[in-house]
Amino acid sequence: MREDYAPGELVIPDGLFDFTRDRKRTFFDCNCVVHISVADPFCNALSEKVYQAVQQTGAIVHYGGSLITIEGPRFSTKSESNVFRSWGMSIIGMTTCPEAFLAREAEMCYAVMAHVTDYDVWHVSELPVTVEQVIQVLNRNTSTAQEAVRNLAQLLTPERTCECGQAVKNAIITQPERISPKSRQILEPLIGKYLP
């Protein structure tokens, strides 16, 4: 979506826009209301480590930018692509929503190593994106991604310095006595430590 994010390069986004419609977006769709903050949808600490891990590979990587997730499986129309650019979106993809939100609800750190495969259809001097083009770039980037994951494993530490691990703590709206036994059982792994 940006001229300066070229095919073959990688991006560690720091913003997310959910433009999907048909996906389950929450674990809390029962009688327990939980409002999780996703102002910053990616774990800052993990994103920085992913950025460092990719830098160590020698690949061109950008830190920051907003990722818009579209429903797919089709690619965007030119009109859609131009609107997304006018909104300030940096990259576009068909994954990350609802994964980022579900990870936050599960109090997991979450970051994205996005691969720029094409300029989408807004770029008038490039041909419209094709599956073959996407696969070619992804194949070239596979070894970079594998090396980055190995690097990341060396950078990770057991202790967390972020707030991801307590995202639900002050987000439960429903009074504990009003949560049904069935919902308590289903949600135990997510909210059990916060309920009396």
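The values are calculated or read from the model by the stated rules, or taken from the named source; none is laboratory data. What you see is a predicted model; the values in this text were computed from it and never measured. We place every Cβ from the backbone using ideal geometry, glycine too, and count neighbours over all the protein chains shown.
For the reader, a short list of remarks on this structure follows.
- Selection count, the stretch 12-33, where residues are touching a Lys or Arg at 6+ places or on another chain (Cβ under 9 Å) and surrounded by 15 or more Cβ atoms within 10 Å (Cβ to Cβ): 3
Let's see how each residue does on (1) surrounded by 14 or more Cβ atoms within 10 Å (Cβ to Cβ); (2) touching a helix residue (DSSP H, G or I) at 6+ places or on another chain (Cβ under 6 Å); (3) among the hydroxyl-bearing types (Ser, Thr, Tyr):
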| position | (1), (2), (3) |
| --- | --- |
| TYR5 | yes, no, yes |
| GLU71 | no, no, no |
| SER76 | yes, no, yes |
| PHE84 | yes, no, no |
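- Hits in the stretch 43-87 - residues which are over 18 Å from THR20 (Cα atoms) and among the aromatic types (Phe, Trp, Tyr): TYR51, TYR63
- Only one of the numbered conditions (1) touching a strand residue (DSSP E or B) at 6+ places or on another chain (Cβ under 9 Å); (2) over 22 Å from THR142 (Cβ atoms); (3) part of a loop (DSSP other than H, G, I, E, B); (4) not aromatic (Phe, Trp, Tyr) is violated by CYS109, and that is (1).
- The residue list ALA148, ALA103, ALA111, ALA167 contains one member that is in contact with a Cys (Cβ under 7 Å, 6 or more places away or on another chain) and surrounded by 15 or more Cβ atoms within 10 Å (Cβ to Cβ), which is ALA111.
- Residues in the stretch 14-31 that are assigned to a loop (DSSP other than H, G, I, E, B), of a type in the set (A, V, I, L, M, F, W, C) and more than 15 Å from ALA167 (Cβ to Cβ): CYS30 alone.
- Lone unmet requirement of (1) within 30 Å of LEU195 (Cα to Cα); (2) at pLDDT 95 or above; (3) in contact with a Leu (Cβ under 7 Å, 6 or more places away or on another chain) for CYS32: (2)
- Those residues of the stretch 142-196 which are farther than 20 Å from ALA111 by Cβ, outside any helix (DSSP H, G or I) and without any contact (Cβ under 8 Å) to a residue 24 or more places away in the chain, in sequence order: ASN170, GLN175, LEU195, PRO196
- Residues of the stretch 50-75 that are without any contact (Cβ under 8 Å) to a residue 40 or more places away in the chain, under 29 Å from SER86 (Cβ atoms) and assigned to a loop (DSSP other than H, G, I, E, B): GLY72, PRO73, ARG74.
Residue-by-condition table, conditions (1) under 18 Å from LEU67 (Cα atoms); (2) modelled with pLDDT of 90 or more; (3) of a type outside the set (Phe, Trp, Tyr):
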{"site": "CYS97", "(1), (2), (3)": "yes, yes, yes"}
{"site": "HIS115", "(1), (2), (3)": "yes, yes, yes"}
{"site": "GLU132", "(1), (2), (3)": "no, no, yes"}
{"site": "GLN154", "(1), (2), (3)": "no, yes, yes"}
{"site": "PRO158", "(1), (2), (3)": "no, yes, yes"}
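Every residue, every condition in (1) among the acidic types (Asp, Glu); (2) assigned to a strand (DSSP E or B); (3) buried (at least 16 other Cβ atoms within 10 Å of the Cβ); (4) modelled with pLDDT under 95, yes or no:
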site: ASP40; (1), (2), (3), (4): yes, no, no, no
site: SER47; (1), (2), (3), (4): no, no, yes, no
site: ILE92; (1), (2), (3), (4): no, yes, yes, no
site: SER125; (1), (2), (3), (4): no, no, no, yes
